[in-house]
Amino acid sequence: MIRSAIALSLLPVACATAPTVSPPPFEQVGVIEGFYGPPWSHQDRLDILRFMGRVGLTHYYYAPKDDPYHRTQWRTPYPDSAYRALGELVQTASTSGVTFVYSISPGDNIVYADSGDYEELVEKLGTVIELGVRHLALMLDDVVPTLEHEADRKTFASLAEAHAALINRLAIDLSTRGVSLVVTPTTYTDAWGDRTYLRELGALVADTVPMFWTGTDVASPDITVAQAAAWSALTGRPPLVWDNFPVNDFARWRLFLGPLRDRARDLSRGVRGLIANPMNEAHASMLPLATVAIYASDPAAYDADAALEAALDTLYGAAAPLVRPFTRVYGDWAFDQNVFEPLFMPANRFAVAPIETALEELTDALGVLDSAAMSQPSLRSLHDELAPFVNRTSERLRRFLDDPSWERRGDSLTYRANRDRVRVARFDGPITVDGDVDDWPSANWRPVGDGSDVRYGATVRSDTLYIAVTVGAAARRVATGDRIATGDHVAMYIQATPDPNRRHLTPEDILLLASPNEVMLRHMPFHGFMAKYMGDNEGLTWSEFMLSTFGIPAGDAGWLAETHRHRAGWSVEVAVPLGGREVVRLSLTATSVTDSGRRTRSLAARNYPGNPSTWADIRVP
C-alpha cells in the first residue's frame, strides 16, 4: 500500500509516539466526490488526484450527485467533451498512483425487472471501461425505499431481492472483464433505514462485494470497531466506510477546515477501508483530507491537532499563518456550533459581537491571502473558494441588522416575536372537519405570505384548535402521480411542546401534508445529523424520499384532517387537540406548482420548516 507522504515527512509533529510509520492498514484510503450541489470542475479533479498521489490517498470515487450522466440521466452516453475529460481523469489518477473508481446511480428510475434497462446500464459502464477503468461502484442510496414500478412488484418480493438480482448479475458480468464492483445500499447508516432490507441483501449478495456504510449517522461524530461489527453482522461483511467528512453540502454557509477526529485507533480491524466525502470546495478540502491521510498511515499514533498543523505546514509552507485564521473560525465539525450558526439556523436571540469579531478577522485575512496569491499562485484557488463564505456571511449579518424584525439590545439581536403571534377567538358552534370551510364561523381570514390566493383561519372550540387553509384558483394545478409533495400542497408542522428556543425537530412533532386529493399525518423521527441539517435549511420542502424513509403514521391522537375541492380552488381543515396547551407553535406553508416553477408562502415571516424557533405562535384564549 502507499505510504502517506505528509505523515512520513512530518512524523515527529503529526504522530505522538511511533518512531516509524507502517503501511496503511486499510485496504482503501481515499476520497469520494459524492456530495450534492455544485460539482468540482475538471481542473479541480485533476488537482485533487495529484494531491492524493502526493499525500498517499489511494482511491478516488467519481460520484458527483449533480453530474446528470452519473445519476438522473445515467442511460445517456457522455458527450464527447465530457468523455474526453473523464479519460484524462483516469489517466491522471494512474500516473498519480491513485485507483480511479467510476460510480453510477440508476436507482431513481431504473426498472430492475426490465432487461432493457440492465443492458443500457451495462452499455453505459462499458464506455467507461473502455477508458481503462477497472473498478466500478453501484450507488443505490437516497432513493425511495420501495419498489415503485409494477413490473418490479410482480417480479420481486422485496427491494432487497431486486437489488440483489441487479448486483449479482452485474458483478458476474463485470468480473469477466476484470472489473470489480462496490455497492452503496439504500440503507447505509445506523440512523435510519430498513434493517430487514440489509439482512436480506447481505444474505443474497456474495460477501466479496464491498458495501458502503456511513457509520452511526449520515455524518458520524465517531466511528468504532464495535459499531462496524454491528453493521457487519447485518450485511455479512466488513463495511467500507463512506466517511461524510469534511462534506458541507448540507450546510452551504460553512466550511469544515478542522482535522479528522474520533475515528478509532484500531478501526482497520473492523472495516474494509476509509473513504472521505469532501466539500464542494476542492482546494479547501485538501487541508482536512490531508489529516485523513495522516490518520490512515498510523491510526494508533494519530494526534488530530498535530496533524492539522502538519498539514498546514506541508500544503502552504511559509503561507500557513495566512490560512490559520480560517481554521480557527471554521475548524469545527457538523455537530459543533459554529460562531456564525445563529445567522443561518436562527434562534430568537443571539450575540452579535462574536460574529462581528470573527468576520473582521476573516476579512482582513482574505485581503492578506489575496495579496500573497499574486506571488504564490497555488494560493489563488484557495482564496477564491474561501472568499464567498466570508462575503455571504457578512451580507447575511447586514440583512439581520437592517431587518426591522430584529431589535439590537447591546451586543445581542432579539427577534420581535409578536410579528408571528396569532390570536384566535373561541367559537361555541359546531364544526365539522370535512375540508369544506363554507360552514366556518366568520373567521378572521388572513393571507399566508404575500398575495391573497392562499388564506388561513383559526378558531378554538372546547379543547380543540381548528385550522383551515383555502387555496385559490391561481394554485389549482396538481402534478401527475401520487407523490403528495410534488404538486400543490399545504404543509403544517405542529410542535409537540411549545418550546420557543428549540431549533430542531423531534420525533414527537407532527407533520400534516395535504393536497387537493389527500391528506396525511406523520411523525418524522429526525435526530442527530438530519435534525440539524433540516434546522438550517431555509425553505425546506418535503420529498418523497423523506416521507417514505422517515415517515411514521401519527395514529389516532384525536387529530382530524380533510381536504375539499371546489370551483374556486381547494381547502384543508384540521382539528388539533390542545391537551390544555395555551400556545401552539405552528409551521404553515403553502406550495403551488405552475409551469414556471414552485412557489412557497409561509405563515411566519421566517420560513424554516425544520426549525421550530422560527414558527408562528397561536395563542389560545
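The values are calculated or read from the model by the stated rules, or taken from the named source; none is laboratory data. These numbers come from a predicted model, not from an experiment. When we count neighbours, we look across all protein chains shown, and the Cβ atoms used for this are built from the backbone with ideal geometry, even at glycine. For the accessible areas, the whole protein counts, side chains as well, though only heavy atoms, and no ligand, DNA or RNA atoms are used. Shrake-Rupley method; radii C 1.70, N 1.55, O 1.52, S 1.80 Å.
Rounded to the nearest 10 degrees, the angle from helix 195-204 to the longest Cα principal axis of the chain is 40 degrees. Taking region 395-414 and a reference point 7 angstrom along Cα→Cβ of residue 353, the backbone N atoms nearer than 13 Å belong to 409-413.
What whole number of Å gives the distance from the Cα centroid of region 122-199 to the Cα centroid of region 305-332? First find each Cα centre; the distance between them is then 40 Å. Here region 395-545 has an Rg and Dmax of 18.0, 53 Å, counting Cα atoms alone. In this rough spin-label picture, where each label sits 7 Å from Cα along the Cβ direction, the residue 568-residue 130 distance is 6.2 nm. Distance between the modelled labels on residue 391 and residue 88, one decimal in nanometres: 2.6 nm (7 Å Cα→Cβ projection). Within the same chain, aspartates and glutamates fewer than 8 places from residue 65 are excluded, and of the rest, those with a Cα less than 18 Å from its Cα are 33, 44, 108, 141, 142, 243, 249, 281, 544. Per residue, region 40-90 exposes 38 Å² of accessible surface when a 1.4 Å probe is rolled over the protein heavy atoms with every protein chain present. Here region 124-221 exposes an accessible surface that is 53 percent carbon and sulfur, computed with a 1.4 Å probe and the other protein chains kept in place. Region 434-465 and region 502-579 have Cα centres separated by 18 Å.
Each peptide in 418-428, 447-457, 205-215 receives the mean, over its residues, of other Cβ atoms within 10 Å, and ordering these scores from highest gives 205-215, 447-457, 418-428. Per atom type, region 483-585 shows carbon and sulfur on 51% of its accessible surface, probed at 1.4 Å. What is the antiparallel percent of DSSP beta bridges lying wholly in region 405-550, to the nearest 5? Counting only bridges with both partners in region 405-550, antiparallel ones make up about 90 percent. Of the peptides 173-184, 29-40, the order by per-residue mean of other Cβ atoms within 10 Å, starting with the highest, comes out as 29-40, 173-184.
Here region 340-497 carries DSSP beta bridges of which approximately 90% are antiparallel, counting only pairs with both residues inside.
What length, rounded to one decimal in nm, is gained on full extension from residue 408 through to residue 176, with 0.36 nm per residue of separation minus their alpha-carbon distance? Between residue 408 and residue 176, full extension yields 76.7 nm more.
For region 368-451, the carbon plus sulfur part of the accessible surface works out to 46%, probe radius 1.4 Å.
When each of the peptides 59-65, 532-538 is scored by the mean number of other C-beta atoms lying within 10 Å of its residues, the order from highest to lowest reads 59-65, 532-538.
DSSP bridge analysis restricted to the chain gives an antiparallel fraction near 65%, rounded to the nearest 5. Along the charge dipole of the chain, pointing to its positive end and built from +1/-1 on Cβ of Lys, Arg, Asp and Glu, which listed residue (85, 242, 333) has its Cα farthest out? It is 333. Solvent-accessible area per residue in region 128-260 equals 33 Å², computed with a 1.4 angstrom probe and all protein chains kept. A 1.4 Å probe run over region 285-416, with the rest of the protein chains in place, finds 40 Å² accessible per residue. A helix-only calculation puts the chain at -10000 deg cm²/dmol for mean residue ellipticity at 222 nm, using -39500 (n - 2.57) for each DSSP H run of at least four residues, averaged over all residues.
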